[in-house]
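Below is one structure, written out as structure tokens; the observations come after it.
The values are calculated or read from the model by the stated rules, or taken from the named source; none is laboratory data. Please read all numbers here as calculations on a predicted model, not as lab measurements. Because the Cβ atoms are built from the backbone with ideal geometry, glycine has one as well, and the counts that use them run over all protein chains shown. Accessible surface is based on the protein model in full, side chains and every heavy atom, while ligands, DNA and RNA are left aside. Shrake-Rupley method; radii C 1.70, N 1.55, O 1.52, S 1.80 Å.
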Amino acid sequence: MPFSARTAGQAPQAGVEVMSFAGGDVLLAAPGGYCFDRRSSQPDSSGGFALLAHCSRMGRQNWFGARKSAVLTASIGPARPAAAAPRAADIAAMFPDARVLESSEDQLLPLVKLEFPGAVADSASPVHWRGAFVLDRHLVALALYAPEDSRTLGSHGAALLNEMTHRTLEASTLPSLETAAALPPAAAAPGLRPQPRPASGPAQAAGTGADPRKKRGLGQRIAGLFQ
């Protein structure tokens, strides 16, 4: 489904594809050049799962024939209140069998680059990026998978996930901020402004603990896409 505005003033940036999750509380925005695979993406009232690929590959029998293509996934689930927001170390700790190649907390999104003993999907590299952030009452866990030698396994992939995070936060919160700013000072109390709530960690997001069905189905969703 295309972008669904909750109010008449909520319009996405030109050229930015947005998809609604968690009953409209999370407006997930794709990074530049990427589109949602709406056959595999599954929004629901509590969160959902999204799969994105480069828009140029959409509608083809073999989306990811290009050697350097990447697949992005997002798992959205409820965040537990009164717990610490996820950090790079928390994300890495969820995967004790993986080797941490790189971690970063100097940008908007805490990120880790992990190497697993085996690839998640055929023809995909065993190395991939993972990150997570809190949006109001929801935890959004992101991942990027790519074939061997793809530049998205390096800094370009980290930049893509940070761009997706920035656009998602902007799409989900900016209209509410504009609405609050238009209210009289007495009515525009701090509670009207979106306040990210701490989460217990990436395990609370769908696909990382909140919905076992999505976790089991991840390999099936992206298996063979890199062939």
Checking the structure you have, find out if any residue of region 49-69 is modelled with pLDDT of 90 or more and exposed (fewer than 14 other Cβ atoms within 10 Å of the Cβ). no
For region 146-155, does any single residue satisfy the condition of being modelled with pLDDT under 95, in contact with a helix residue (DSSP H, G or I) (Cβ under 6 Å, 6 or more places away or on another chain) and under 30 Å from A82 (Cα atoms)? no
Residue check: is D106 without any contact (Cβ under 8 Å) to a residue 24 or more places away in the chain and more than 17 Å from F49 (Cα to Cα)? yes
Exclusive hit being open to solvent by 10 Å² or more (accessible area, probe 1.4 Å), in contact with a Leu (Cβ under 6 Å, 6 or more places away or on another chain) and either modelled with pLDDT under 95 or more than 22 Å from F21 (Cα to Cα) (or both), set A79, A119, A93: A79
The residue from A171, A189, A143 that alone is in contact with a helix residue (DSSP H, G or I) (Cβ under 9 Å, 6 or more places away or on another chain), modelled with pLDDT of 90 or more and either open to solvent by 20 Å² or more (accessible area, probe 1.4 Å) or closer than 30 Å to D97 by Cβ (or both) is A143
Within region 109-133, track down each residue that is within 18 Å of A53 (Cβ to Cβ) and of a type in the set (F, W, Y). W129
Would you kindly identify the strands (runs of 3 or more DSSP E) lying entirely within region 66-122 that contain at least 1 residues that are touching a His at 6+ places or on another chain (Cβ under 8 Å)? 71-78, 111-115
